[in-house]
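**Q** Pasting a structure below so you can have a look.
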Amino acid sequence: MELVEESPYRFRIDRRDPMRVPGVVFASRSLLPDPAADRSLEQVANVATLPGIVDASYAMPDVHLGYGFPIGGVAATDVEAGGVVSPGGVGFDISCGVRLLAADLDRDELRPRLGAVMDALGAATPRGMGRGAVWHLTGRDELDAVLRGGSRYAVQRGFGVARDLHRCEDFGAVDDADPAQVSDRAIERGARQVGSLGSGNHFLEVQAVEQVYDEPVAAAFGLRTGQVCVMIHCGSRGLGHQICTDHVRAMEKVMGRHDIHVPDRQLACAPVDSAAGRAYLGAMAAAANYARANRQLLAHAASEVFTRATGCRLDLVYDISHNLAKIEKHPVDGGVRRLCVHRKGATRALPPGHPDLPDELRPVGQPVLIPGSMGTGSYVLTGVAGAPAWASTCHGAGRVQSRKQAVAAGRGGDPRAQLEAQDIAVRGASRRGLAEEMPAAYKDISAVVEAAEGAGLCRKVARLVPLGVVKG
């Protein structure tokens, strides 16, 4: 794949048939994927062939191979010009995202009680591939209420407080959810998992604010140096996975009717305003609400642990998704257009003054939460005015090794001992599960954030380091 270096943090893939727009990769040269081992740049070019795509097919600094779209891929299609929606542009873990909570507690105060807190968090956090969950729903009607109401319904039922909703993307729920578009199989998979962490790269991590880069913005977010935080990374579990599977199959069947041809069947898509497009967006929104409720439940359980063990509550800093397609209005060619913005492994990063932000955050911009790989630092950033790529940025470090490769590379070592040698308490997860997620499997998170900031996508506010991690 030939790349043209436009700046130290921006590379271009020139348009060639059947691409409708160029590809743009935000990365430093050292972060670019190896074409011999990773086809993600080819996926960037494939995404550029989608009907209705505008401006460019974008890739974030953490880009790596995904399903259809690369992980770290962003693309917007013009709804009124036949723009399509593609489930591959969202991914299987719909509305997977990150929630950050802050405690009125310093790391030195927590240190003597860290072991007890981690034991309690481990016991209170259902995780892994099983069906355990914080919330045992009474039936389909209650699950439908979750799919429609997300965090709003969870708070209504006593899991959290009203303030949480002001610090959550979409104020806790996507309004156009349509549970009728969710299959019985998806319902079956999701019914017993509301309030569960899952496995893989999902985690609940106790952290401390190691460094603050912008004191006024950090203070507006509710963060200060030395403060204890809790970061939760999870999504829509089996329900979201099944919805993606179902609607990819449905779109494969209707693409011919719309005269749509894609270079990769994983890019199956349909016009946003078609029956198939509307059905997927309704089901996707339902899964997004499920994911918001899932993180709300896990956060409530963690807050109860902190209150019992330390006497301190946890307050929500922000909750943001990184696998979603949203209908948004953006300036295009001198006018304002209604776009379907796909963000897969990419985080929305709203600038100061944006109307979708709550009043207390509007002057400083949206908190952008970028978790590191297990055992390394995580970052809090904020959106900036005039950013490219539809106000989007990276979502994490980005894999450089498959899970199988990571296990093979760490053979003979003890990942738990390696983490504990860094004074990071570990609860849960098999040896293999830990080996799959060790830092060597990922890009350098600091280099990824430096590239995102250098490309004008966002701005650093604070860096957090892990004290303890709960894994599935």
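The values are calculated or read from the model by the stated rules, or taken from the named source; none is laboratory data. Just so it is clear, the model here is predicted, and its values are computed rather than measured. FYI the Cβ positions are ideal-geometry reconstructions off the backbone, even for glycines, and counts take in every protein chain you see. Just the protein is used for accessible areas: all its heavy atoms, side chains included, with ligands, DNA and RNA removed. Shrake-Rupley method; radii C 1.70, N 1.55, O 1.52, S 1.80 Å.
**Q** Given R₀ = 60 Å, what would the calculated FRET efficiency be for Arg29 paired with Asp141, taking r from the Cβ atoms and rounding to 0.05?
**A** With R0 = 60 Å, the Cβ-Cβ based efficiency is 0.65.
**Q** Could you run the Karplus curve 6.51 cos²θ - 1.76 cosθ + 1.60 with θ = phi - 60° over the range 375-386 and give me ³J(HN,Hα) per residue in whole Hz, x for Gly and Pro?
**A** Once rounded to whole Hz, the list reads x, 10, x, 10, 10, 10, 10, 9, x, 10, 5, x.
**Q** Pick the calculated Rg and Dmax of the Cα atoms in Å for this structure from [x] 20.8, 65; [y] 24.0, 94; [z] 24.1, 74?
**A** It is the one labelled [x].
**Q** Provide the net charge surrounding Gly172, with neighbours chosen by a C-beta distance below 12 Å and charges set as Lys +1, Arg +1, Asp -1, Glu -1.
**A** Net local charge, Gly172 excluded: +2.
**Q** Rounding to the nearest 20 debye, state how big the charge dipole of the chain is about its Cα centre with +1 on each Lys and Arg Cβ and -1 on each Asp and Glu Cβ.
**A** Computed charge dipole of the chain: roughly 1020 debye.
**Q** Now for a separate question. Does the range 187-325 come out rounded, prolate or oblate, given a ≥ b ≥ c as the square roots of the eigenvalues of its C-alpha gyration tensor, rounded meaning a/c under 1.5 and, failing that, prolate meaning a/b above b/c?
**A** Cα axes put the range 187-325 in the prolate bin.
**Q** Then there's this: List the residues, sorted by chain then number, that are 5 or more residues from Val24 or on another chain and whose placed amide H is less than 5 Å from its amide H.
**A** Excluding prolines and chain starts, which carry no amide H, the hits are Ile13, Ser57, Tyr58, Ala59.
**Q** Tell me, what is the percent relative contact order of the range 1-73, built from C-alpha pairs under 8 Å that lie six or more residues apart?
**A** 29 percent
**Q** Here is a further query. Along the charge dipole of the range 367-433, which of Ala389, Ala417, Ile370 sits closest to the positive end, that is, farthest toward it, with unit charges on the beta carbon of Lys, Arg, Asp and Glu (+1, +1, -1, -1)?
**A** Final value for the positive-end residue is Ala417.
**Q** Shape call for the range 113-206 from the C-alpha gyration tensor, a ≥ b ≥ c root eigenvalues: rounded (a/c under 1.5), prolate (a/b greater than b/c) or oblate?
**A** Oblate, because a/c is 1.5 or more while a/b does not exceed b/c.
**Q** Another question about this same structure. Per residue of the chain, what 222 nm ellipticity follows from adding -39500 (n - 2.57) for every DSSP H run with n ≥ 4, rounded to the nearest 500?
**A** -9000 deg cm²/dmol
**Q** Additional query: In whole Hz, what ³J(HN,Hα) sequence does the range 196-201 give by Karplus (6.51, -1.76, 1.60; θ = phi - 60°), x for Gly and Pro?
**A** The phi angles translate into 9, 8, x, 10, x, 8 Hz.
**Q** For the chain, report the accessible area per residue in Å² (1.4 Å probe, heavy atoms, rounded to an integer).
**A** Per-residue accessible area for the chain comes out at 37 Å².
**Q** Excluding the sites themselves, what is the longest stretch of the chain that contains no GluC sites (Glu not before Pro) in a DSSP loop with at most 15 other C-beta atoms within 10 Å?
**A** 3-359
**Q** I need the trypsin sites (Lys or Arg not before Pro) found in the range 398-430, filtered to DSSP loop residues with at most 12 other beta carbons within 10 Å of theirs.
**A** Answer by residue number: Arg411.
**Q** Just in the range 1-110: which trypsin sites (Lys or Arg not before Pro) are loop by DSSP and have at most 13 other Cβ atoms within 10 Å?
**A** Arg16
**Q** Another question about this same structure. By how many nm would the segment from Asp423 to Asp264 grow when fully extended, if each residue of separation counts as 0.36 nm and the alpha-carbon distance is taken off?
**A** 52.7 nm
**Q** Relative contact order for the range 219-313 using alpha-carbon pairs under 8 Å, separation at least 6, rounded to a whole percent?
**A** This gives 33 percent for the range 219-313.
**Q** Report relative contact order for the chain in percent, whole number only (criteria: Cα-Cα under 8 Å, sequence separation at least 6).
**A** 22 percent
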